[in-house]
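A.B. asks: Encoded as structure tokens, here's the structure I'll be asking about.
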Amino acid sequence: MSKLRASETRNTLGDALSDDTALYLIAQAVAKRRGLIYGRLHDQKGHHCAMGCFWNDNPKSTVHSALVDEVAAVNDSIPPTATNFERWKKVNEWLKWKLKVLAGGK
């Protein structure tokens, strides 16, 4: 169970995507947007946090709760006073860096 998005995530019995694959899909979903919200998966206006973007694009996918918490922690490390675009920019940079590290880069 996710600690940072507990009330908005679901438990499934299906196999979770590998963290590498999930991060790639999260990065793709985030890159398609130009803003991320703070503190929850979705708002009532069609906006999402990083994990919300992923699940909006991949509604039947399952990911490990530790990965949900890691991505949510990065998303919410940008203060709520920041704009959605500023949050998107930082999270997008982190996702690119994370994928580069996973690929063996620095």
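A.B. asks: Let me know the number of lysine pairs in the chain closer than 13 Å at the Cα, not counting same-chain pairs under 8 apart.
C.D. replies: Pairs that pass both the separation and distance tests number 4.
A.B. asks: Follow-up question, since we're still on this one. At 222 nm, what value in deg cm²/dmol follows for the chain if DSSP H runs of at least 4 each add -39500 (n - 2.57) and the sum is divided by all its residues, to the nearest 500?
C.D. replies: Estimated from H runs of four or more residues: -16000 deg cm²/dmol.
A.B. asks: Relative to the present Cα-Cα distance, how much length would full extension add between residue 19 and residue 64 at 0.36 nm per residue of separation?
C.D. replies: Gain on extension, residue 19 to residue 64, equals 15.5 nm.
A.B. asks: From the Cα gyration tensor of the chain, with a ≥ b ≥ c the square roots of its eigenvalues, which class applies: rounded if a/c is under 1.5, or else prolate if a/b is larger than b/c, or else oblate?
C.D. replies: Taking the square roots of the gyration eigenvalues as a ≥ b ≥ c, the chain is oblate.
A.B. asks: What is the distance in Å between the Cα centroid of the range 45-106 and that of the range 13-32?
C.D. replies: 10 Å
A.B. asks: Another question, then. Kindly provide the trypsin sites (Lys or Arg not before Pro) of the range 18-61 that DSSP labels as loop, not H, G, I, E or B, and whose Cβ sees at most 15 other Cβ atoms within 10 Å.
C.D. replies: The qualifying sites are 32, 34, 45, 60.
A.B. asks: So who's got an amide H within less than 5 Å of the one on residue 42, skipping anything under 5 residues away but keeping other chains? H placed 1.01 Å off N, in plane.
C.D. replies: 49
Each reported figure results from applying straightforward, stated rules to the coordinates on display, with no laboratory input. Since the model is a prediction, treat every value here as computed from it, not as a measurement. FYI the Cβ positions are ideal-geometry reconstructions off the backbone, even for glycines, and counts take in every protein chain you see.
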